[in-house]
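Engineer: I am attaching a structure below and will ask some questions about it afterwards.
The values are calculated or read from the model by the stated rules, or taken from the named source; none is laboratory data. Because the structure is a prediction, the values reported are computed rather than measured. Ideal geometry is used to build each Cβ from the backbone, glycine not excepted, and the neighbour counts take in all protein chains shown.
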Amino acid sequence: MAVALVWFRDDLRLDDQPALRAALDRGWLPVPVYIHAPDEEGAWAPGAASNAWRRRALAALSAELERRGSRLLVLHGHSLPLLQATAALTGAEAVLWARRYEPAVEQRDARIKRELRRAGLHAESFNGSLLFEPWEVATKQGDPYRVFTPFWRTARAQWRAPATWDAPARLPSPEDAGAPHGVALDDILPAPRPAWDAGFWQRFTPGETGARQALARFAGRALDGYADARDRAVEAGTSRLSPHLHFGEISVQRVAATVNDADGIADGDRERFLAELGWREFAHHVLHYFPQVAERPLDPRFEDFRWARPLQARLAAWRHGRTGVPIVDAGMRELWHTGWMHNRVRMVVASWLTKHLRMHWRHGARWFWDTLVDADLANNTQGWQWTAGTGADAAPYFRVFNPVSQARRFDPEGAYIARWVPELAALPLPARFAPWEHPELLRRHAPDYPRTPQVDLAEGRQAALAAFAALRHAR
DNA sequence: TTTTGAGTTGTTCGA
DNA sequence: GTCGAACAACTCAAA
């Protein structure tokens, strides 16, 4: 029986897995391989939270394979020589994988494909994580899109629920191909010590089963009313699928099809969620065509923008939820404890850092990269550039979030603040949104909470507006 | 080629 | 309390 290496990367599932499917369809014995090679990811090697998740996702994938009579071969080192050596050991004639779109990884993979083919192997990649490949959506002139709405109009009109593929109950054993044993998962991704990730797993279950459960929960409950509920910080009104999608534990085609076919859902709710998947598509489209955006502003005017000096004390207070602005601190602490932050709150904390503190968005992007379990180069970059106003399809410069009004609107009971900044839970509601306006209550109930925000809200807003307006005139 | 319509997520001010 | 206007042009995408 001919053998194919199925190289798993950010597609840690068996269901609707195009590389595995191709191997089986063509009668190849699949040898599942995972290679730990963080130094091949350029400046964006996975962060700590991401690795904590990946460890569990790989363990889950490994268990799924073993349940079916196969197993995951885990390797550590350089991808190309390891693939070549493993192909030689197993007599594999093919190497199959699902694509990734990070610029450094795209380049690496192109080289690997070239070299494998030069060595006489069949090397082939597939779309395993997007509704559309970045190059499958184009303007009528054949150009890439820079604005979300026309991008999504075009893509949405093209989308048809595809036939998804179920993983078989049994898989052939790699032992039959003489597969080697590789290294232990613990050797490449040891458990965090101390267990700072404990809070992550109260909210999330990495792996294919956890991903399916999250989708079922969302489609069965939160999807109804999603368009409104998605903005309320304390509720589980969003899908919380982002880490599962990042690691490819569930097929995005299956997610889209499930939501598209859900019964009794208003069109507004359904389309709103599909548009969120659309933002993920758009982010990958932009990163593919403008690979510099992870480092540099897409809008070139911002190359010269005078960001504030990154004062370490200010930055540290932002990171650790000690800004003195309750909704910002709640968000940053949710991130620290759970590895995740509600989307609405992400915008608020990002606006605080880039507008009120006027710090370069890359400081925020880097912190998110290290602390988010859903850290994804395309989405993270897109989110930060959008909020900072440096992307092409960006927030207008005058859109500066007021963290007090945002808290009132999207956390009207103050429950989100109380949950993540418990020292403020004893404050009555109006004071909980803006404690500096009630110094006596603050002193009595929360003596350790900052007396005042890092910067005055009105002054910060004015300074940001002035700085961003100056850029306009400078052009 | 030129024209036209439109653009995720907001805030503030004054009537 | 509610509502509309102002905030700023500019670029994108399609007709």
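Engineer: Of all the helices (runs of 4 or more DSSP H) wholly in segment A:189-238, which have at least 2 residues that are at pLDDT 95 or above?
Structural biologist: In segment A:189-238, A:200-203, A:208-217 are the helices (runs of 4 or more DSSP H) which contain 2 or more residues that are at pLDDT 95 or above.
Residue by residue, here is whether (1) more than 28 Å from residue A:433 (Cα to Cα); (2) part of a helix (DSSP H, G or I) holds:
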| residue | (1), (2) |
| --- | --- |
| A:282 | yes, yes |
| A:296 | yes, no |
| A:306 | yes, no |
| A:318 | no, yes |
| A:327 | no, yes |
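Engineer: Still on this structure: In contact (Cβ under 8 Å) with a residue 40 or more places away in the chain, in contact with a Ser or Thr (Cβ under 9 Å, 6 or more places away or on another chain) and within 16 Å of DNA strand B (Cβ to nearest atom) - does that describe any residue in segment A:123-136?
Structural biologist: Looking for residues that are in contact (Cβ under 8 Å) with a residue 40 or more places away in the chain, in contact with a Ser or Thr (Cβ under 9 Å, 6 or more places away or on another chain) and within 16 Å of DNA strand B (Cβ to nearest atom), one finds none in segment A:123-136, hence no.
Engineer: Looking at A:281, A:271, A:249, A:276, which one is within 16 Å of DNA strand C (Cβ to nearest atom) and not basic (Lys, Arg)?
Structural biologist: Only one candidate qualifies: A:281.
Engineer: Before we move on, is residue A:228 within 27 Å of residue A:405 (Cα to Cα) and within 16 Å of DNA strand B (Cβ to nearest atom)?
Structural biologist: Criteria met by residue A:228.
Engineer: What are the residues in segment A:140-171 that are near DNA strand C (Cβ under 9 Å from one of its atoms) and either closer than 20 Å to residue A:276 by Cβ or touching a residue at least 12 places away in the same chain (Cβ under 8 Å) (or both), if any?
Structural biologist: Within segment A:140-171, A:144, A:145, A:146, A:147, A:148, A:149, A:150, A:151, A:153, A:154 qualify.
Engineer: Name every residue in segment A:100-122 that is in a helix (DSSP H, G or I), small (Gly, Ala, Ser) and touching a residue at least 12 places away in the same chain (Cβ under 8 Å), in order of residue number.
Structural biologist: A:104
Residue by residue, here is whether (1) of a type in the set (A, V, I, L, M); (2) away from DNA strand C (no atom under 16 Å from the Cβ); (3) surrounded by fewer than 21 Cβ atoms within 10 Å (Cβ to Cβ) holds:
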residue: A:356; (1), (2), (3): no, yes, no
residue: A:359; (1), (2), (3): yes, yes, no
residue: A:372; (1), (2), (3): yes, yes, no
residue: A:380; (1), (2), (3): no, yes, no
residue: A:398; (1), (2), (3): no, no, yes
residue: A:404; (1), (2), (3): yes, no, yes
residue: A:419; (1), (2), (3): no, yes, yes
residue: A:428; (1), (2), (3): no, yes, yes
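Engineer: Taking the conditions exactly as written (more than 30 Å from residue A:88 (Cα to Cα), away from DNA strand B (no atom under 16 Å from the Cβ) and of a type in the set (Val, Ile, Thr)), does residue A:154 satisfy them or not?
Structural biologist: no
Engineer: Let me ask something else about it. With the requirement that a residue be of a type in the set (Gly, Ala, Ser) and closer than 11 Å to residue A:289 by Cα, what does segment A:139-151 give you?
Structural biologist: none
Engineer: Please go through segment A:122-150 and pick out each residue that is at pLDDT below 95 and either polar (S, T, N, Q) or in contact with a Gly (Cβ under 9 Å, 6 or more places away or on another chain) (or both).
Structural biologist: A:139, A:141, A:146, A:148, A:149
Engineer: Out of A:400, A:421, A:455, which single residue is β-branched (Val, Ile, Thr), within 12 Å of DNA strand B (Cβ to nearest atom), out of contact with any strand residue (DSSP E or B) (no Cβ under 8 Å at 6 or more places or on another chain) and in the same structural domain as residue A:345 (by TED's automatic domain parsing)?
Structural biologist: Step by step, each of A:400, A:421, A:455 is checked, and only A:400 is β-branched (Val, Ile, Thr), within 12 Å of DNA strand B (Cβ to nearest atom), out of contact with any strand residue (DSSP E or B) (no Cβ under 8 Å at 6 or more places or on another chain) and in the same structural domain as residue A:345 (by TED's automatic domain parsing).
Engineer: For segment A:374-418: of the residues being β-branched (Val, Ile, Thr) and assigned to a loop (DSSP other than H, G, I, E, B), which is nearest to residue A:343 (Cα to Cα)?
Structural biologist: Among residues in segment A:374-418 that are β-branched (Val, Ile, Thr) and assigned to a loop (DSSP other than H, G, I, E, B), the one nearest to residue A:343 (Cα to Cα) is A:400.
Engineer: Within segment A:213-234, how many residues turn out to be touching a Lys or Arg at 6+ places or on another chain (Cβ under 9 Å) and either among the hydrophobic types (A, V, I, L, M, F, W, C) or in contact (Cβ under 8 Å) with a residue 40 or more places away in the chain (or both)?
Structural biologist: Qualifying residue count, segment A:213-234: 12.
Engineer: Out of curiosity, is residue A:73 surrounded by 20 or more Cβ atoms within 10 Å (Cβ to Cβ) and assigned by TED's automatic domain parsing to the domain that holds residue A:10?
Structural biologist: yes
Listed here are the residues, each with its yes/no results for (1) touching a Lys or Arg at 6+ places or on another chain (Cβ under 9 Å); (2) in a loop (DSSP other than H, G, I, E, B).
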site: A:423; (1), (2): no, no
site: A:431; (1), (2): no, no
site: A:440; (1), (2): no, no
site: A:444; (1), (2): no, no
site: A:450; (1), (2): yes, yes
site: A:463; (1), (2): yes, no
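Engineer: Does residue A:54 satisfy being under 26 Å from residue A:170 (Cα atoms), at pLDDT 95 or above, crowded, with 23+ Cβ neighbours inside 10 Å and out of contact with any strand residue (DSSP E or B) (no Cβ under 8 Å at 6 or more places or on another chain)?
Structural biologist: Yes.
Engineer: From the list A:228, A:224, A:263, A:269, pick out the single residue that is farther than 30 Å from residue A:330 by Cα and acidic (Asp, Glu).
Structural biologist: Within the list A:228, A:224, A:263, A:269, the selection yields A:263.
Engineer: Picking from A:356, A:363, which residue would you name as being in the same structural domain as residue A:426 (by TED's automatic domain parsing), within 13 Å of DNA strand B (Cβ to nearest atom), under 21 Å from residue A:324 (Cβ atoms) and touching a Leu at 6+ places or on another chain (Cβ under 8 Å)?
Structural biologist: After ruling out the rest, the residue left standing is A:356.
Engineer: Please work out which one of (1) under 21 Å from residue A:330 (Cα atoms); (2) surrounded by fewer than 19 Cβ atoms within 10 Å (Cβ to Cβ) is the condition residue A:237 fails and give its number.
Structural biologist: (2)
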